[in-house]
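The values are calculated or read from the model by the stated rules, or taken from the named source; none is laboratory data. It should be emphasised that the depicted structure is a prediction, and the values quoted were computed from it without experimental measurement. Backbone-built Cβ (ideal geometry, glycine too); neighbour counts: all protein chains shown.
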Amino acid sequence: MTTTDEPKTRPTPPSANTRPPQRPGDRIFSASAKYAGVLILVVLAATAVFLVTEGWPAISTPTDQLTKSINWLDGHTVLGYVGPLIFGTILAALIALVIATPIAIGVALFISHYAPRRVASGLGYIIDLLAAIPSVVYGLWGAFWLMPKIHPFYDWLTTYFGWIPLFAGPAANPARTILTAGIVLAIMILPIITAVSREIFLQTPTLHEEAALALGATRWEMVRMAVLPFARSGIISATMLGLGRALGETMAVAMVLSPGLMYSIFILQAGQQQNIAANIALKFPEASGKGVNVLIFTGLVLFVITLLVNMFARWIVSRRAEFSGAN
């Protein structure tokens with residue numbers, strides 16, 4: 001008696017492209033996240049369209065008509081008016097970065113690798129609290145406390161380092177200078193750079209740190225050879241975030257800086273520079289007609305500068321070489 005075995009059918013394995021069925025909550029969350037991302041792009045595009053549309057009349061209108069209708073242009077063309085503002089904005093932001101970045105990195109390293117746990121948690125809370133203080137409070141502090149206290153230091157700089165064009169005198173009294181504005185901005189961006197750098201330092205692979213210590217490295221040598229190379233791109237991106245905050249700051253700069261429209265590197269003299277955001281805040285109450293268009297055009301320039309800074313930061317982050325090893 002012969003029996004024939006029927007071939008057994010094996011279940012077809014699910015395709016790699018087959019997605020598991022989603023529950024209603026998953027679909028709602030996925031759609032909400034997608035629409036939130038699209039909404040950000042729509043708002044950004046709408047802002048850019050508004051700035052271009054409202055700022056274009058400032059470029060298309062002849063210069064003689066603008067100077068007649070806008071007295072605070074002082075005979076400048078629109079580009080001649082915006083140029084010194086761009087220079088002052090970048091100068092104040094660079095001064096803030098030069099002051100804040102080394103301090104922020106040092107504080108972040110102390111919190112992440114040197115301080116005891118209780119001290120680190122308390123200091124980290126204080127640093128985060130600084131980011132929540134309104135900018136007008138920093139402006140009041142700079143105007144009523146910092147300027148009187150720092151004027152003797154400016155006199156000392158002009159006396160002993162006045163041969164350097166950067167510190168050429170006479171030092172302004174009260175010290176409503178771009179250097180004072182840069183110091184206030186440095187304190188404002190300090191929490192941002194510190195918080196981001198601290199998180200990057202804490203993500204350093206533990207095996208890298210232990211390997212450096214096992215080879216006989218000191219604590220600082222371990223930080224220099226393992227932590228800082230790993231966090232280099234993160235430090236740069238944190239610095240770029242702080243730069244974006246410094247570029248767009250308004251009230252604090254307006255309260256401590258005596259404005260001027262000059263391409264001047266004299267950071268201890270008043271009436272030399274001005275930044276774009278503070279200029280818009282000061283000129284907008286008296287602006288009308290084409291004057292509003294000129295201010296909106298300066299806002300478009302600031303928008304482009306800030307966008308380029310953030311794009312540069314994202315490019316640096318995307319190029320970060322991944323470190324091997326486990327945490």
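A few notes on this one:
- Within the stretch 252-290, the residues that satisfy the criterion of being part of a helix (DSSP H, G or I) and free of Cβ contacts under 8 Å to residues at least 40 places away in the same chain are ALA278, ILE280, ALA281, LEU282, PHE284, PRO285.
- Index of the failed condition, ALA33 passing every other in (1) under 22 Å from ASN279 (Cβ atoms); (2) modelled with pLDDT of 85 or more; (3) more than 25 Å from the chain's Cα centre (by Cα): (1)
- In the stretch 131-141, the count of residues that are touching a Leu at 6+ places or on another chain (Cβ under 7 Å) and either surrounded by 14 or more Cβ atoms within 10 Å (Cβ to Cβ) or aromatic (Phe, Trp, Tyr) (or both) is zero.
- Taking the criterion of being buried (at least 19 other Cβ atoms within 10 Å of the Cβ) and not hydroxyl-bearing (Ser, Thr, Tyr), the residues of the stretch 284-298 that qualify are GLY291, ASN293, VAL294, LEU295, ILE296, PHE297.
- Annotation note: of LEU185, LEU213, the sole residue that is within 28 Å of LEU129 (Cβ to Cβ) and in contact with a helix residue (DSSP H, G or I) (Cβ under 7 Å, 6 or more places away or on another chain) is LEU185.
- Every test in (1) out of contact with any helix residue (DSSP H, G or I) (no Cβ under 9 Å at 6 or more places or on another chain); (2) part of a loop (DSSP other than H, G, I, E, B) is passed by GLU249 save one, and that test is (1).
- Meeting the requirement of 3 or more residues that are closer than 20 Å to PRO259 by Cβ and out of contact with any helix residue (DSSP H, G or I) (no Cβ under 8 Å at 6 or more places or on another chain), the helices (runs of 4 or more DSSP H) wholly within the stretch 65-180 are 78-109.
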